[in-house]
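Reviewing the structure listed below.
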Amino acid sequence: MCHFSFVYYIEQALKAPLPDAIHLLSFEVRDPVGTPASSVIMRLEHVFPVDSAGNLAAPVQVDLAALWSPGVNPLVSAEEVGLSLGRRALSHDDDLIYPVQIRTWSLDFS
């Protein structure tokens, strides 16, 4: 298994494309430069407003552990944090992303 590195593009790390309504807003490696990445900050946003046509405005379920290709070390923890990273986000009972919502997670891989 390998860790993320600056050579390991996020498109290769993801098992499949994200759902149409979800956009990868940011992906920041939190480990020192030159070391294998095992901690990242990931922001996902739902890009469609509530009044969009069809199912694009529906909330989207995101399984954080199932996003990653087999070559990526297993996800060991995922903690939702606020946009500023300084405070913990309010607890959500699900991994749904609602229209025009941005959610931020601190992810740790083994």
ask   = Looking at (1) closer than 23 Å to Asp31 by Cα; (2) modelled with pLDDT of 85 or more; (3) touching a helix residue (DSSP H, G or I) at 6+ places or on another chain (Cβ under 6 Å), which is the one condition that is false for Trp105?
value = (3)
inquiry  = Against the conditions (1) surrounded by 12 or more Cβ atoms within 10 Å (Cβ to Cβ); (2) within 15 Å of Trp105 (Cβ to Cβ), where does Asp63 fall short? Just the number, please.
reply    = (1)
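The values are calculated or read from the model by the stated rules, or taken from the named source; none is laboratory data. Predicted model only: the values in this text are computed from it and were never measured. When we count neighbours, we look across all protein chains shown, and the Cβ atoms used for this are built from the backbone with ideal geometry, even at glycine.
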